[in-house]
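The values are calculated or read from the model by the stated rules, or taken from the named source; none is laboratory data. Only a predicted model underlies this, so the values are computations on that prediction, with no experimental measurement involved. All Cβ positions, even for glycine, are placed from backbone atoms using ideal geometry, and neighbour counts span all protein chains on display.
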Amino acid sequence: MPRVKSELEQAGFRSKADRPFACGALYALLANPIYIGEIRHKDARHPGLHEAIVDRPLWDEVQLHLAANLTARRFRPGKVEVSPLAGKLFDTDGDRLTPSHAAKGGRRYRYYVSHRLVTGSVEHSGQGWRLPAGTIERCVADAAGAMLADGTAVVAAAREAGIAAGRLPAVLAAAATLRQRLREETNGLADAVERVTVGEDGLSLAVPLSPLVPVGTAVADPAALMLIRRIPMTVRRRGVEMRLVIEGGAPTAKVDPVLVKAIARGIGWFQELAGGTSATITAIALREGVSGSHIAHHLPLAFLAPDIIAAILTSRQPVDLTADALFKRIDLPIDWQEQKALLGFG
């Protein structure tokens, strides 16, 4: 199908919206029985009054190819998403946060949700948590990595547990290896973290050191092999989600593709109007298949301060700044300093 799509593009074929055909649209077109003189209504096919323009054997052969390809794609093994904090994440009331997910636009979004919200008992237990999985996992991984990088604390805990001095270099080397795993993959959290407690003002993190101790090492006090730290944090709501802001830490949000796309469109459409490529907003709206107000909402984004755009491209914007929120600020000032104040930049 990608080869068919490529040939159509080279030949100049376009859809009704004046865009290249997508593979999904081509599947629908090639499966239409109108080519063999039939009409499809829902799941049934009926004889039509028009003449066939494709021989039935050829059409049947094409359908076999399409069905085989769809079957192969449907059963293609996909990447299994894991939730490394499953069974390790709790709130200050001791309620466990369990992995959950939602699907939108063909994409899958993972969350950790308070157990009381899942069971519907929130009215008896107070406000629950619904944390984006990638955000909390990255926060915990960064915090655990920083704790493992604190050689003084690791050595102090090992000596308190009664581990001989000759074994300490091996413990520090194992800590460095685990820290590297946390930088490369969040799945390392399953080995690096014993328990995480999330509260309104921060995280409490317990990192076990016992897995870092070489086999056969004498340990007088195993309970001492646990690093516990509190990481200050603020929580902000963004829609139905809660976003975490770790004090002094790296940004916890990924680049917002919807926001970036909105800014790119606003700049592009404004340049078309200013350069004369498009005469009016209506002309752009007709071409894009959207309303004129949709175009008008995007145009002010062409006047955002360059450092605001740079912050958005590197996910350093305020966590509650979304494309929808930006569209609603119809009084966006031209002055860049006033923009920063209005949009919540420092």
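A few points about this structure:
- Test: GLY94 is assigned by TED's automatic domain parsing to the domain that holds LEU203 and modelled with pLDDT of 85 or more: yes
- Comparison of ILE53, ILE39 shows that the only residue that is aliphatic (A, V, I, L, M), outside the structural domain of ILE284 (by TED's automatic domain parsing), over 27 Å from GLY289 (Cα atoms) and touching a strand residue (DSSP E or B) at 6+ places or on another chain (Cβ under 7 Å) is ILE39.
- Among residues of the range 174-193 that are in contact (Cβ under 8 Å) with a residue 60 or more places away in the chain, none has a beta-carbon under 8 Å from a residue that is in a loop (DSSP other than H, G, I, E, B) and aromatic (Phe, Trp, Tyr) at least six positions away or on a different chain.
- Contact annotation: residue pairs with Cβ atoms under 6 Å, 6 or more positions apart or on different chains, pairing a residue in the range 1-24 that is under 26 Å from LEU64 (Cβ atoms) with a partner that is among the hydroxyl-bearing types (Ser, Thr, Tyr) and modelled with pLDDT of 80 or more, are PHE21/SER15.
- Residues in the range 296-322 that are over 14 Å from LYS340 (Cα atoms) and assigned to a helix (DSSP H, G or I): ALA296, HIS297, HIS298, LEU299, PRO300, ALA302, LEU313.
- Selection status of ASN32, outside the structural domain of LEU286 (by TED's automatic domain parsing) and within 30 Å of GLU288 (Cα to Cα): yes
- Within the range 304-319, the only residue that satisfies the criterion of being of a type in the set (A, V, I, L, M, F, W, C) and in contact with an Asp or Glu (Cβ under 8 Å, 6 or more places away or on another chain) is ILE312.
- Scanning the range 29-62 for residues that are closer than 30 Å to ARG287 by Cβ and loosely packed, with under 11 Cβ neighbours inside 10 Å turns up nothing.
- For ASP307, the conditions (1) within 18 Å of ASP335 (Cα to Cα); (2) surrounded by 18 or more Cβ atoms within 10 Å (Cβ to Cβ) all hold with the exception of (2).
- For the range 8-50, a tally of residues being at pLDDT 80 or above, hydrophobic (A, V, I, L, M, F, W, C) and assigned to a strand (DSSP E or B) returns 1.
- Only residues that are assigned to a helix (DSSP H, G or I) and loosely packed, with under 14 Cβ neighbours inside 10 Å were counted across the range 150-175, and they come to 9.
- Considering ALA158, ALA149, ALA143, the condition of being assigned by TED's automatic domain parsing to the domain that holds ARG181, modelled with pLDDT of 85 or more and in contact with a Gly (Cβ under 9 Å, 6 or more places away or on another chain) is satisfied by ALA143 alone.
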